[in-house]
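What follows is calculated from the coordinates using simple rules that are stated; it is not laboratory data. Since this is a predicted model, take the numbers as computed values, not measurements. Cβ atoms come from the backbone with ideal geometry, glycine included; neighbour counts cover every protein chain shown.
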Amino acid sequence: MKLKCLIVEDEPLARGVMEGFVAEVPFLEHVGSCADAFAAMQLLKDQPVDLMLLDIHLPKLKGLDFLAALQHPPMVIVASAYHEFALQSYEYNVVDYLLKPIAFGRFVVAVNKALDKKNSSVQPLDNPSAGQELQVNVHKRKARIAIDDILYIESQRENVKIVTTSRTVLTRYPISELEKELPASFLRIHRSFIVNKTKIDFYDAHDIEIAGKDLPIGRNYKTQVLETLAGKAGLGSVK
C-alpha cells in the first residue's frame, strides 16, 4: 500500500528537502507540492490525498488555520521550526509534529505512524442477522462493532474512541477515514466527534447530548449540523 502524499511548504529549500525525503520512502507517493494553503485546498478537491506534510508558517493562511477549515482532512504531519505549536497541533489530531531542521530518520518514524493508521482498516459487513457492522484493528486483533449500537466516535491524540451502548473500543484508524465507512445516520459535528443521529437525546446551538454526555458542536460544523437536526424527525428534544 502506498500513501498519496501532499507537501504544503512555502520555502523552496525546505520543500525540496521534503520532496527528497518522500522520494526515498517506498510506501510514499508524491502527488503534489503547494506553496500556500489555497493551492493545497484546490489540490485536495481535485485528487485523493492520504497524508499531508504541512508547514505551520504559510503565507495568506497559516497552517493550523488551514487545517481547521478542512472538514475532511487527510492524515497530517506538521513541520515547524517552533516547538511551542506542538500542543495546539495535536488538538487537530495530527499524526506527528516534526521540528525543523528535520532529520531523515525522524521523518521515517513519522510517516510509519501514518502508514500504521492507514493499515488499521475498517471493513463494513453486511450480515442480515446482525445488521451492518464495522471491523477495526485493536492491538493486532479485529473488533466487531454493530453500527446501530454506536453512540458516538471521538478522535483523540493517538487513538479514535468508539463508544457503543455496551462498551468502548480504541483504535488507531483515522476518524476522517472511519467517517467514509459510516451510513447517513451518522453526522460529523466537530473535527473530533461523529455522532449517531438516532441516539441524540438533546441538542442546542452549542452541544449535543447522548447518553448523558455533552458533545461540542464545532464552529465550522454548526450551520450544517443545526440544519440537519432541525429537519430530522424522531430526534430527542431541543435543550
DSSP beta bridges in the chain: the antiparallel percent, rounded to 5, is 60
Of Val95, Val78, Val17, the most mobile residue in a GNM of the chain (C-alpha springs, cutoff 10 Å) is Val17
Total charge of the residues flanking His30 in space, meaning their Cβ is under 9 Å from its Cβ, with Lys and Arg +1 and Asp and Glu -1, is -1
Taking a crude spin-label model, label points 7 Å out from Cα along the C-beta direction, the Lys4 to His83 distance in nm is 3.7
Projecting the Cα atoms of Val109, Pro183, Phe38 onto the charge dipole of the chain, where Lys and Arg contribute +1 and Asp and Glu -1 at Cβ, the residue farthest towards the positive end is Pro183
With a Förster distance of 41 angstrom and the Cβ-Cβ distance between Glu24 and His206, calculated FRET efficiency to the nearest 0.05 equals 0.30
Taking 0.36 nm per residue of separation between Leu226 and Glu91 and subtracting their Cα-Cα distance, the length gained on full extension comes to 46.2 nm
The number of Lys pairs in the range 125-238 whose alpha carbons lie under 26 Å apart, excluding pairs fewer than 8 residues apart on one chain, is 26
From fewest to most C-beta neighbours within 10 Å, the residues Ile102, Ile150, Ile7 line up as Ile102, Ile150, Ile7
Over the chain, the sum of -39500 (n - 2.57) across DSSP H runs of at least four, divided by residue number and rounded to 500 deg cm²/dmol, gives at 222 nm -8000 deg cm²/dmol
In the neighbourhood of Met52 defined by beta carbon distances under 11 Å, the net charge of the other residues (Lys, Arg +1; Asp, Glu -1) is -2
Using eta = 0.692 mPa s and T = 37 °C, Stokes-Einstein with Kirkwood Rh from Cα pairs puts D for the range 125-238, in µm² s⁻¹, at 226
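If you average 1/r over every pair of different alpha-carbon atoms in the range 1-155 and take one over that average, what Kirkwood value in Å do you get? Working shown, then result.
Working: mean 1/r = 0.0594 Å⁻¹.
Taking the inverse mean of 1/r over all distinct Cα pairs, the range 1-155 comes out at 16.8 Å.
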Phi angles of the range 27-32, converted by Karplus (6.51 cos²θ - 1.76 cosθ + 1.60, θ = phi - 60°) into ³J(HN,Hα) in whole Hz with x for Gly and Pro, give 8, 9, 10, 6, 9, x
The relative contact order of the range 125-238, taking Cα pairs under 8 Å that sit 6 or more residues apart, comes to a percentage of 17
